[in-house]
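Engineer: I have a structure here, written as structure tokens, and I will follow up with some questions on it.
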Amino acid sequence: MRRPFVAANWKMHGAARFVEAYLEDWRKTAPRGAVDVVICPPLAYLDRIAAALRDDGVLLGVQTVHAEPAGAYTGEHAAEMARDLGATYAIVGHSERRRLFAENDTVVAAKFAATKRAGLVPILCVGETLAERRAGQAEATVLAQLDGVLGHACAEPRDTDFVVAYEPVWAIGTGETATPTQAQQMHGTIRARLGDVGDAFAQSVRVVYGGSVNVDNAEALFTQTDIDGGLVGGASLDAVAFAEICRVAGRQTDS
Ligand code: 13P
């Protein structure tokens, strides 16, 4: 059985005071056991949050890494540097990075490999735009994004140490969620493609959903067969709401 997984992607939100208030709320309400929880704040706050939550069982992640371990790349950070700050996960290939920072599948594959090189666990984001969905290209788009990594970056084909996040671009920050049925359908497609590598591989990789996940829709999504949790943006900025979403995911193990 796959352990539920929920990650917070704060994106470029937060401030020193916000972080202190968040940590205070989180400590009062944090879920225990039954679910892997990862918080991906802006890099600037990572070590502060890592230190504060060291004993709380929460893991930390970064929202991107550079593919190279070092070099003349002003403003960037290497996966190894993120690890030094306390990260154990890294989001790779988020649609905002693909769209706003021109990251194509080749760049994403290189970054995926960099996270593995540094010993971080990649959270690979895949997802189609509305235009691609309307053109009947949703599955082809998502599978091409997945293949970009499965084909080039897995040192060991059976390495299960990564998470796939299906995030339909049209559902991110829009308040429009994929229906549980739509999401399950794509998750099933993703798992079937993982199955081409091997059955055990497909059964152990966590595939989580992202795109306007909130307290009200989490249960309907997380109870789907192939949805193992969520990658949460906006709703993760509220510690109480995020804790509740994590609890909902954890209940899928209990039941
Ligand atoms: P929202 O939950 O705000 O739609 O963001 C989803 C996301 O992009 C998480 O990576």
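Engineer: Name the residue that is nearest to E128 (Cα to Cα), counting only residues in the stretch 81-102 that are of a type in the set (D, E, K, R) and away from the ligand (no atom under 14 Å from the Cβ). So that I can check it myself, show each step before the final result.
Structural biologist: Keep residues of the stretch 81-102 that are of a type in the set (D, E, K, R), which gives 83-84, 96-99.
Narrowing the set further to residues that are away from the ligand (no atom under 14 Å from the Cβ) leaves 83-84.
On the way: R83: 30, D84: 33 Å.
The selected residue is R83.
Engineer: Being out of contact with any Phe, Trp or Tyr (no Cβ under 6 Å at 6 or more places or on another chain), assigned to a loop (DSSP other than H, G, I, E, B) and not hydrophobic (A, V, I, L, M, F, W, C) narrows it down to one residue among R17, R3, R48; which is it? Spell out the reasoning first.
Structural biologist: Numbers: R17 fails: assigned to a loop (DSSP other than H, G, I, E, B); R48 fails: assigned to a loop (DSSP other than H, G, I, E, B).
None of the other options fit; the residue is R3.
Engineer: Also, quick follow-up: For the stretch 211-221, state whether one or more residues are touching an Asp or Glu at 6+ places or on another chain (Cβ under 7 Å), of a type outside the set (F, W, Y), within 11 Å of the ligand (Cβ to nearest atom) and under 19 Å from D238 (Cβ atoms).
Structural biologist: Pass one, the stretch 211-221, residues touching an Asp or Glu at 6+ places or on another chain (Cβ under 7 Å): 211-212, 215.
Checking which are of a type outside the set (F, W, Y) leaves us with 211-212, 215.
Restricting the remaining residues to those that are within 11 Å of the ligand (Cβ to nearest atom) gives 211-212.
Within this subset, residues satisfying the condition of being under 19 Å from D238 (Cβ atoms) are 211-212.
Yes: the stretch 211-221 contains one or more residues that are touching an Asp or Glu at 6+ places or on another chain (Cβ under 7 Å), of a type outside the set (F, W, Y), within 11 Å of the ligand (Cβ to nearest atom) and under 19 Å from D238 (Cβ atoms).
Engineer: Please work out if G119 is at pLDDT below 95 and either within 16 Å of the ligand (Cβ to nearest atom) or at positive phi (or both). Before the answer, list the steps.
Structural biologist: Numbers: at pLDDT below 95: yes; either within 16 Å of the ligand (Cβ to nearest atom) or at positive phi (or both): yes.
Judged against the criteria, G119 is a match.
Engineer: Sticking with this one: Just for the stretch 121-148: of the residues that are among the aliphatic types (A, V, I, L, M) and free of Cβ contacts under 8 Å to residues at least 40 places away in the same chain, which one is surrounded by the fewest Cβ atoms within 10 Å (Cβ to Cβ)?
Structural biologist: A131
Engineer: Here's another thing I want to ask about it. Could you check, for the stretch 127-136, whether at least one of its residues is within 16 Å of the ligand (Cβ to nearest atom) and assigned to a strand (DSSP E or B)?
Structural biologist: No.
Engineer: Another one. When you scan the stretch 191-210, how many residues do you find that are within 16 Å of the ligand (Cβ to nearest atom) and among the hydrophobic types (A, V, I, L, M, F, W, C)? If you could, list the steps in order and put the result at the bottom.
Structural biologist: Looking only at the stretch 191-210, we keep the residues that are within 16 Å of the ligand (Cβ to nearest atom), and these are 206-210.
Keeping just the survivors that are among the hydrophobic types (A, V, I, L, M, F, W, C) gives 207-208.
Residues that pass the stated criteria total 2.
Engineer: When you scan the stretch 202-255, how many residues do you find that are surrounded by fewer than 18 Cβ atoms within 10 Å (Cβ to Cβ) and hydroxyl-bearing (S, T, Y)?
Structural biologist: Matching residues across the stretch 202-255 total 5.
Engineer: Taking the stretch 191-201 on its own, how many of its residues are surrounded by 16 or more Cβ atoms within 10 Å (Cβ to Cβ) and at pLDDT below 90? Lay out the reasoning, then the answer.
Structural biologist: Residues of the stretch 191-201 surrounded by 16 or more Cβ atoms within 10 Å (Cβ to Cβ): 191, 193-194, 197, 201.
Remaining after also requiring at pLDDT below 90: 197, 201.
Total satisfying the criteria: 2.
Engineer: Additional query: Tell me which residues, restricted to the stretch 71-98, are exposed (fewer than 15 other Cβ atoms within 10 Å of the Cβ) and part of a helix (DSSP H, G or I).
Structural biologist: Applying the first criterion (exposed (fewer than 15 other Cβ atoms within 10 Å of the Cβ)) to the stretch 71-98 yields 71-76, 84.
Selection gives D84 alone.
Engineer: Which of the residues belonging to the stretch 100-150 are among the aliphatic types (A, V, I, L, M) and under 21 Å from S212 (Cβ atoms)? Step through it out loud before you land on a result.
Structural biologist: Taking the stretch 100-150 as the starting set, the residues that turn out to be among the aliphatic types (A, V, I, L, M) are 100, 102, 107-110, 113-114, 118, 120-121, 123-124, 126, 130-131, 135, 138, 140, 142-144, 146, 149-150.
Result: L100, I123, L124, V126, L130, A131, A138, V142.
Engineer: Still on this structure: Name the pairs: first residue in the stretch 167-187 and touching a residue at least 12 places away in the same chain (Cβ under 8 Å) and farther than 23 Å from W10 by Cα, second residue away from the ligand (no atom under 13 Å from the Cβ) and part of a loop (DSSP other than H, G, I, E, B), Cβ to Cβ under 7 Å, at least 6 apart or on different chains?
Structural biologist: P180/Q224; Q184/Q224; Q184/T225; Q184/D226; Q184/I227; H187/Q224; H187/D226; H187/I227
The values are calculated or read from the model by the stated rules, or taken from the named source; none is laboratory data. No experiment lies behind these values; they were computed from the predicted model shown. Cβ sites come from the backbone with ideal geometry, for glycine too, and all protein chains shown count toward neighbours.
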